[in-house]
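In what follows, a structure is listed as C-alpha cells, so that the remarks can point back to it.
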Amino acid sequence: MTVRRKIELLSPAKNADIGMEAINHGADAVYIGAPRFGARASAGNSVGDIERLAAYAHSFGARVYVALNTILRDDELEEARVIAYELYNAGADALIVQDMGLLQLDLPPIALHASTQTDNRTVEKVRFLADAGFSQVVLARELSLQQIRDIHRAVDVPLEVFVHGALCVSYSGQCYMSAAACGRSANRGECAQYCRLPYTLTDADGRVLVRDKHLLSLKDLNQSDRLEDLLDAGVSSLKIEGRLKELSYVKNVTAYYRLRLDEIFKRREEFARSSDGHTELFFTPDVSKSFNRSFTHYFLNGRTSEAIISPDTPKSVGEFVGVVKSVADRFITVSGVHSFSNGDGIGFINRKGVFEGFRVNRVEGNRLFPGQMPDISPKTRLYRNYNHEFEKALSRKSAERFLYVDITLYDTAFGFALEMTDETGVQATMSWECTKEVARTLQLENQQRLLSKLGDTVFRVRNIEVRLEENWFIPSSVLADMRRCVVERLMLARRIAFRRDVRKDVDKQRPVFPVKELSYLGNVANGKASEFYAQCGVRSVQPAFEVSSQGNVPLMFTRHCIKYMQGWCPKLVRRGDVPKEPLFLSYKDSRFRLEFDCRLCEMKIYKE
C-alpha cells in the first residue's frame, strides 16, 4: 500500500469569516493573526473569533495556525504567554512565532511553527529549529528549488513555502528601513513599506541614472505552474500570502490553487490533501483577475533574466486586456478578445511612464466610455485591475465544502436504527424504540427522500440503504428527528476524532546554534531570548535594532540587485558605461546608500 504524503494548501485569513470562506474554497489550513503580536499589526483577531474559525475548520479536518510572530519586549512576554494559552484552549492548532524568548516560557503543548521572519535559508538553521522543537518551518522566499531540495534531504521537518502573493524585497526579518526612517518596525508588525516608494537612483558623482521609479517594489509571486516541482523538492505546505487581503482575493486564489493541486493528485498517487471533503465552485478561478503587480517566479529557478520588479507602480496592474486601437472624443476603441463591463477599472502606462487608470462608465462592444477621458494614445497596452463582473460573482456564495456520507436505516430488536458514516470512516448511530406497524403503501421512496434532506449541514448523501425486514411505517417527523440527531452525533464524533498537533518532544539539552555570535540581525529584544541563545552556545548576543542604537549598519539585505537589473553586474559586463559607486536611492528627504556583495550575490542598503 502506497504511503501518501499529506500536502497542505495554506490560505490567509484577515478575519474569521474570510478564514471560513478559505476553507470553503479548498484550503487545508488557514493562518490568522492573534489578538496581539502578529506581524500584521492591523490584522489582529479576538480569541472568540479564532475559536469559531477553528471549530469550522476542524469539521473538515482542516487546521488553524495563529501568527504570534513579532519580536517581544520583556514587559510583553507574560501577555504573549497568556494569549498562547487562550489560543490553545480555543482550538488553535499551531502558533507561528519569531521570538525565541517564547520557548523559555511555560507554554501550552501547542505546536510551534518557525515564522519566515526567523530567516530560514540554510540547512543548519532549519535543522536547529527542528531540534529546538518546531513542528514546521517556513522557508525564505528567496530559495531555489535546489536549495529547498537540499534542506528537505538533510532535515526531517515539514517545510512550508510561499507560492503566491506579495513579496518582501528583503530577507524576511532582516529589514530595518521602516524602523530607521520612521520608527515603524517590520519585526513589530508595523512596516511602512519603504520598498514600495518611487526612488531616484544616482551614482557617486550625483548623476541621475533612473528617476522616480519603484526600484525596490517586487512583482507578486505566482508558482502555480511549479507546484509539482515544489512537491518533488519536499515541500509539504504551500502558502498563499495575504493576511491583509479582502474576501474576494482569498476566495479566488485559494480556489485556483485547489484546482491545480487536485489535478496533480489525480496523476500522483503518492500525494494527498491534508484535510477532508470536497469543494464545489460556482465560478471559474483566475488569479490574474485579483490584485497583482504582475507575476514572477522570483528566485525559484535561481537568478535569471526575468524581471522581478514592477518599476512603474506598486499598485495592482491586473490582467492584460488589449491595446488601444483608436481614441475618440468620448470613447476608446480596444483591439483584443476580452469583453468588458460597466464599472471595470482599466490601467495603463501614461506618456510620463507612470501607471494611471480610469473607470469604465459604459461599454458598447469594444468601445469603452470612461467617466473622464484620459490622455491616452493608440497602441497603448491596457490592463484591467478591477473586473466588475468577476468581483460581483465573488460577492455572492461562490463555493461549498462538503463531506460525503453513507446512510443506512435498519431494524433492531426494539425498533429502528439510523447509521451515518462519512467518507473518512467516522460513524454515528441513532436508535428509536417503538412498536412496529406495517404500512398500507410503499414507504421506501419517501424514506429515502426524507433521509437525503441534509440541508445546510456539511454533509451530502453518497448512498442511502434501507434494510428493513418489512414495509414498516415510520412517521416522517420521527425520521426527520433521527436524521437531525445522527447529524449532530456525527459532527461530535468528527470533533472527537480530530487530533491536534502537539509540540514536539525535544531533549532538555538545547541544540547548538549554527554561529557563536549573534548581531542585531538575531532580533533579540528581551532577556528570555538572550537566555535561550546562551543555552544554545551563543557567546555574544547583541540587542535587536528596535531596542538599541546600532550605528551605521545595513538596514536591508536582499537578493534583488539593482546593478544586475540595470545590466551593470560585473559578472556579466566587461566594459561599457558602468556608473561610479557608491550608488544612492533618494525619496524626498530620505537617502540610502547601496552596497553590493558580489560574492554572495546580495545587495545591502544603508541610511545615508
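Selection of first residues in the range 416-432 that are without any contact (Cβ under 8 Å) to a residue 60 or more places away in the chain and of second residues that are β-branched (Val, Ile, Thr) and not in a strand (DSSP E or B), restricted to Cβ pairs under 8 Å at least 6 apart or on distinct chains, gives the following pairs, ordered by first then second residue: Met430/Val486; Trp432/Val478. Looking across the range 284-343, just one residue is assigned to a strand (DSSP E or B), closer than 27 Å to Leu259 by Cβ and among the aliphatic types (A, V, I, L, M), and that is Val321.
Is one or more of the residues making up the range 259-266 touching a Pro at 6+ places or on another chain (Cβ under 8 Å), farther than 21 Å from Tyr383 by Cα, part of a helix (DSSP H, G or I) and at pLDDT 95 or above? Yes, the conditions are met somewhere in the range 259-266. Answer yes if at least one residue in the range 185-202 is touching an Asp or Glu at 6+ places or on another chain (Cβ under 9 Å) and charged (D, E, K, R), and no otherwise. Within the range 185-202, one or more residues are touching an Asp or Glu at 6+ places or on another chain (Cβ under 9 Å) and charged (D, E, K, R). Being in contact with an Asp or Glu (Cβ under 9 Å, 6 or more places away or on another chain) and either touching a residue at least 60 places away in the same chain (Cβ under 8 Å) or among the β-branched types (Val, Ile, Thr) (or both) is a property that Ser172 lacks.
Where strands (runs of 3 or more DSSP E) fall wholly inside the range 532-607, the ranges with 2 or more residues that are of a type in the set (D, E, K, R) and touching a residue at least 12 places away in the same chain (Cβ under 8 Å) are 590-597, 602-607. Go through the range 288-300 and give me each residue that's surrounded by fewer than 22 Cβ atoms within 10 Å (Cβ to Cβ), within 13 Å of Asp225 (Cα to Cα) and touching a helix residue (DSSP H, G or I) at 6+ places or on another chain (Cβ under 9 Å). Residue satisfying the conditions is Phe295 alone. I want to confirm something. Restricting to the range 489-536 and keeping residues that are under 29 Å from the mean Cα position of the chain (by Cα) and of a type in the set (Val, Ile, Thr), which single residue is farthest from Ala94 (Cα to Cα)? Step by step, filter the range 489-536, then rank; the result is Val524. Evaluation of His338 against the conditions (1) over 19 Å from Lys289 (Cα atoms); (2) at pLDDT below 95 shows that the sole unmet condition is (1). The condition of being in the same structural domain as Val155 (by TED's automatic domain parsing) and either within 19 Å of the chain's Cα centre (by Cα) or assigned to a loop (DSSP other than H, G, I, E, B) (or both) holds for only one of Ala204, Ala255, that being Ala255. Listed by first and then second residue, the pairs linking a residue in the range 439-467 that is on the phi < 0 side of the Ramachandran plot to a residue that is acidic (Asp, Glu) and surrounded by 15 or more Cβ atoms within 10 Å (Cβ to Cβ), with Cβ atoms under 6 Å apart and 6 or more places separating them unless they lie on different chains, are Arg462/Asp406; Asn463/Asp406.
Do the conditions hold for Ala111, that is, is it surrounded by fewer than 22 Cβ atoms within 10 Å (Cβ to Cβ), within 22 Å of the chain's Cα centre (by Cα) and closer than 28 Å to Ala233 by Cα? For Ala111, the condition - surrounded by fewer than 22 Cβ atoms within 10 Å (Cβ to Cβ), within 22 Å of the chain's Cα centre (by Cα) and closer than 28 Å to Ala233 by Cα - is met. Hey, among the residues in the range 386-404 that are within 22 Å of the chain's Cα centre (by Cα) and of a type in the set (S, T, N, Q), which one's farthest from Ala27 (Cα to Cα)? Per the criteria, the residue is Ser395. Quick check on Ala22: is it in a helix (DSSP H, G or I), crowded, with 24+ Cβ neighbours inside 10 Å and touching a Pro at 6+ places or on another chain (Cβ under 9 Å)? Yes: the conditions hold for Ala22.
Here are some residues: Val66, Val47. Which one is under 24 Å from Ala525 (Cα atoms) and under 22 Å from the mean Cα position of the chain (by Cα)? Give the derivation first.
Working: Val47 fails: under 24 Å from Ala525 (Cα atoms).
Criteria check complete, one pass: Val66.
Among the criteria (1) touching a His at 6+ places or on another chain (Cβ under 8 Å); (2) over 21 Å from Ser274 (Cβ atoms); (3) not polar (S, T, N, Q), the one Leu95 does not fulfil is (2).
Taken together, Ala132, Ala204, Ala180, Ala192 contain a single residue that is farther than 26 Å from Tyr249 by Cα, surrounded by fewer than 17 Cβ atoms within 10 Å (Cβ to Cβ) and among the small types (Gly, Ala, Ser), which is Ala204. Just one residue in the set Leu201, Leu159, Leu221 is in contact (Cβ under 8 Å) with a residue 24 or more places away in the chain and within 16 Å of Ile605 (Cα to Cα); that residue is Leu201. Of the residues making up the range 131-153, those that are within 15 Å of Ser236 (Cα to Cα) and either touching a Pro at 6+ places or on another chain (Cβ under 9 Å) or without any contact (Cβ under 8 Å) to a residue 12 or more places away in the chain (or both) number 3. Could you list, in sequence order, all residues of the range 25-41 that are surrounded by fewer than 24 Cβ atoms within 10 Å (Cβ to Cβ) and either part of a helix (DSSP H, G or I) or among the acidic types (Asp, Glu) (or both)? Answer for the range 25-41, where residues must be surrounded by fewer than 24 Cβ atoms within 10 Å (Cβ to Cβ) and either part of a helix (DSSP H, G or I) or among the acidic types (Asp, Glu) (or both): just Ala41.
The values are calculated or read from the model by the stated rules, or taken from the named source; none is laboratory data. Remember, predicted model here, so these are calculated numbers, not experimental data. Positions of Cβ are backbone-derived with ideal geometry, glycine not excepted, and every protein chain shown enters the neighbour counts.
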